[in-house]
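Q: A single structure is presented below for examination.
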Amino acid sequence: MKRTLGLVGAALLCGSMLAYAQQTPGGERTPEQRRQMHERMKGAWEACKDKADKRACMGEQYCAKTADPAKCVAEGKARMMARMEERQKMHEACNGKRGDELAKCLGDQHKQHPQHRRHHGHGDKPRA
């Protein structure tokens with residue numbers, strides 16, 4: 001169970017770092033930026049695959065080649081804490097529900113969150 005939670009945590013950290021990685025002013029990543037992020041994540045994963053604290057290791061490895069590694073790690077931790085607070089609020093809103101009813105409630109809560117709209121293509125930008 002602890003290993004699964006650690007892997008989930010590492011995956012969340014990776015996802016938050018990918019979401020925050022360098023973007024163009026409009027928020028879109030160029031193919032070169034996506035390639036660089038992929039390479040950094042791949043390198044971090046290889047370096048951390050046998051570590052006990054994968055989350056911390058992945059954050060440090062991913063940020064090691066950025067212009068300001070300490071700032072990158074701090075921002076990654078702040079994003080992770082914000083995500084944990086979001087999850088807590090979602091679960092509080094769905095308190096007392098179980099099974100399919102809980103899954104539906106959490107899905108509805110996720111869709112209502114502003115981050116969902118940005119990360120899942122439902123942003124404020126008009127579609128062409």
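Every number here is computed from the coordinates shown, using simple stated rules; none is lab data. What you see is a predicted model; the values in this text were computed from it and never measured. Cβ placement follows ideal geometry from the backbone for every residue including glycine, while neighbour counts extend to all protein chains displayed.
Q: I'd like the full set of residues that are in contact (Cβ under 8 Å) with a residue 12 or more places away in the chain and farther than 18 Å from K77 by Cα, limited to segment 38-51.
A: Those that are in contact (Cβ under 8 Å) with a residue 12 or more places away in the chain and farther than 18 Å from K77 by Cα: G43, A47.
Q: While we're here: Among the residues of segment 73-119, write down those that are free of Cβ contacts under 8 Å to residues at least 12 places away in the same chain and hydrophobic (A, V, I, L, M, F, W, C).
A: Those that are free of Cβ contacts under 8 Å to residues at least 12 places away in the same chain and hydrophobic (A, V, I, L, M, F, W, C): A74, A78, M81, A82, M84, L102, A103.
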